[in-house]
1. For the list (1) more than 16 Å from the ligand (Cβ to nearest atom); (2) assigned to a loop (DSSP other than H, G, I, E, B), I need the number of the one condition that residue 85 fails.
2. Run down 297, 336, 347 and say which single residue is over 30 Å from residue 379 (Cβ atoms) and part of a loop (DSSP other than H, G, I, E, B).
3. When you scan the range 267-275, do you find a residue that is assigned to a loop (DSSP other than H, G, I, E, B), farther than 16 Å from residue 385 by Cβ and either in contact with a strand residue (DSSP E or B) (Cβ under 8 Å, 6 or more places away or on another chain) or modelled with pLDDT under 95 (or both), even just one?
4. What's the total number of residues in the range 268-278 that are more than 13 Å from the ligand (Cβ to nearest atom) and either within 24 Å of the chain's Cα centre (by Cα) or farther than 12 Å from residue 55 by Cα (or both)?
5. Just for the range 146-165: of the residues that are touching a strand residue (DSSP E or B) at 6+ places or on another chain (Cβ under 9 Å) and under 19 Å from residue 439 (Cα atoms), which one is nearest to the ligand (Cβ to nearest atom)?
6. Across the range 379-401, which residue is farthest from residue 366 (Cα to Cα) among those that are among the hydrophobic types (A, V, I, L, M, F, W, C) and part of a strand (DSSP E or B)?
7. Taking residue 103 as the residue in question, decide whether it is more than 15 Å from the ligand (Cβ to nearest atom), under 25 Å from the mean Cα position of the chain (by Cα), open to solvent by less than 10 Å² (accessible area, probe 1.4 Å) and at pLDDT below 95.
8. Do you know which residues across the range 402-428 are open to solvent by 60 Å² or more (accessible area, probe 1.4 Å) and within 16 Å of residue 107 (Cα to Cα)?
Amino acid sequence: MAEPGKPTDDEAAEWRDALLSLVAADGPERAREIMDMLAALAMGPGISWTPLRNTPYVNTIPADKQPSFPGDLALEERLAAIMRWNALAMVVRANQAYGELGGHIASYASAADLFEVGFNHFFRARDLIFYQPHSAPGVYARAFLEGRLSERDLAHYRQEVTAMQAGAQGLSSYPHPWLMPKFWQFPTGSMGIGPISSIYQARFIRYLEHRGLQSSAARRVWGVFGDGEMDEPESMSALTLAARERLDNLIWVVNCNLQRLDGPVRGNGRIIDELEALFGGAGWRVIKLVWGSDWDGLFARDKTRALERAFANTVDGQLQTFAANDGRYNRDHFFGQDPELAALAQGLTDAQIDSLKRGGHDHVKIYAAYHAAMETDGQPTVILAQTKKGYGMGPIAQARMTTHQQKKLERADLIAFRNRFELPMSDDDAAALVFYKPSEDSPELGYLHKRRAALGGYLPARGLSAEKLSVPARATYAAFAVQADDKEMSTTLAFVRMLTALLRDKGLGPRVVPIVADEARTFGMANLFRQVGIYSSLGQRYEPEDIGSVLHYREARDGQILEEGISEAGAISSWAAAATSYSAHGLAMLPFYIFYSMFGFQRVGDLIWAAADQRARGFLLGATSGRTTLGGEGLQHQDGSSLLHAALVPSCRAYDPCFASELAVILDHGMRQMLEQHQDVFYYITLMNESYAQPSLRAGSSVEADIIAGLYHFQSKYAENERAKVRLLGSGAILREVIAAGELLASEFAVSAEIWSATSFSELARDAREVERENRLHPARPARESHLARSLPGNVPVIAASDYARAWPQLIAGYLRAPYRVLGTDGFGRSDTRAALRGFFEVDHRHIVLAALTELKDRGQLDADSCSQAIARFGFAPEALAPWLA
Ligand SMILES: Cc1ncc(C[n+]2csc(CCOP(=O)(O)OP(=O)(O)O)c2C)c(N)n1
């Protein structure tokens, strides 16, 4: 094959000359049209040509097309040098004081210029910015110069606890809205979460606009991410969505320093080429920002395109080695590889070769790339910026394999860094890692403030307020559930009825965001398609097959449902965007994402954790929940653990209601807490697909508060000739087995039973934990009682059963005074009828009866015969394998 710029023979030369003369005569636009026409021909049968997905390893924006740089270049470079220094000093100082704190220098060293051009020219105050996590020190360094963080704050990098005691602002290791709620908007420390979140944030901005809720006012979402980070499935999974939705409000800058933590990202290949093909194929505009301005002269003199050929033969591992070595080495090993290259380098000194910049370190080139991205119409843009990891950190760190972890620098290294970036400080100050801040009336700070003022204010900054949204009276959407009068329905159905009514509410309705991942029909939500429509930026360009039906599939530009297709990662990212809209957009929204509970926390737990970090407010509904309640679907669908995952997320309130009335109380409470009281919590509620008689909400002054607290007295079954007494706790669908067990105990075994609905074991445990701590730290005060202790006083044995692993009811074990036994569904799930599965997992009413009798036997209140008789009567097989072994 002919190499670029080198025709092999006369025929090829003729074609080449024809193209070049076409460009000269009619311009590149016409040349592109002709090429498109030829390409269509060539791709047809007979030739079957497939186009290359890669362009040469050079900048997409040619030097003669780049706009002039509008800033004060020298001043901006000085500012970047100061940021670099303070970021480095922050990390090294923290580590000198406490070696265990960690921290990173090399990532920001590579990204500093990418950030600085953004901050000085492009990142507007209302834009949403996702920061590469390991660059956090650089962002703090900027806020220090802006006067938003003090020197004392910088001295508390990665020391949030000590900072609190010292009255300083602790600086979190990575961007973190929970730890720095006025500063960071998005947690990006877990790789891949930032990229996918940024796409759904950009789409959510469009959603708000198309639904007439908020004008986007040309707001953009910027994301600066690592090239290593692109390997995360989450980074890649929504690229086509961004293109399909024509998200030209989204710009990614991938910091291609060619290294990750352990070594090269693609030692034997080129990550920039790989990403170019991938993003281009997904429909993004790709802008390669590979070489700095001082290469322009070399390219101009390189008539035979020897440089392009050399790059085509150089893999990233080798580029890293070139970056780690000096000018002499590069002259010998890069330019020395062929006479044409050697000739190009002839006019350069070794020092000049050493200082040849990569594109991502050249403000002028970065400006050109960002400027082009801003002008892009109808497509998201990715800028692939080549940088050097540990840029400017000298021979010990720049592009070294170990650079990611480098956090200690010796006196000589610090002085060399000071020299490299021409910082006006003494040797001793450099060695002492003194933070450097020019005076307030210096040109540097004047410029910095002026630029931010022109762009609308300082960043990052997280919004804290949104207007209060009134929650409709419960009777308007849940009267049927509160006064259910034993009508049969599932809690899923009850939820959908409540959601449907909430959507109709004039005030709150438009703020409700129903979200599904291709399961709306599964959960009986198809009626919503017609009622509120499915959001599509394109409207509906086809006549749906079911157009004649009352429930037809309706996509609309102002549609309200976010139907995310089979992407739980996408759906939860949409949920997080809506659940943080109160902060990101100052507009409170109320998302309800309903999903197969098995494909929630287990599948996308880290994204849920990130939403919690982001102080999300909204509802997650784990439907078809419970290991024995979703009978026939088999193991991979049957969830016995999601409530445990949920219990571990500090801002998550997790509930397992049995009855529609309980659900109504929880929804009402949650909405008020989040929308009226602005508390940073979210709710996880399990829903069942089992249909059964729904009792009305039990009367009683404290019932509603008790439902929220996690436990309320449902009823008691008294035995005639009572031999003993037990308390039975049940949650979710298994509460009905508990009720049946109570009846059996009272009628057939002369044991009275109090029956309690445990709507949330995790809420009970949370309260008990808090009370225990308070009492521990205040021994002289009268001890406070937890809701659990108040509800279950005395020494009556307690038996609990749920459709989840035993660890869920066991969350309260440590706080109960009375003996406590739990039944649960540990083990692998399987398919069968609900009755068969509940028998198999030993959570049905018969097993609950046996557990109660056994407890009473162990306390000496009953004899062993009672238990043996029950085993025989129920037909249990004592030698059968335990369900968790089967
Ligand atoms: C999900 C996840 N896995 C692993 C890590 C640990 N980790 C932190 S940085 C890093 C390498 C990052 O490389 P890259 O994205 O290329 O960024 P660079 O620092 O090189 O600019 C890794 C593996 C993480 N933060 N998150």
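1. (2)
2. 347
3. no
4. 4
5. This residue is 154.
6. Taking the candidates together, the pick is 382.
7. Answer is no for this residue.
8. Matches in the range 402-428: 402, 405, 408.
The values are calculated or read from the model by the stated rules, or taken from the named source; none is laboratory data. Quick caveat: nothing in here was measured; it's all calculated off a predicted structure. Note: ideal-geometry Cβ built from the backbone for every residue, glycine included; neighbour counts use all protein chains shown. Just so you know, the surface numbers come from the protein's heavy atoms only, side chains and all, with ligands and any DNA or RNA stripped out. Shrake-Rupley method; radii C 1.70, N 1.55, O 1.52, S 1.80 Å.
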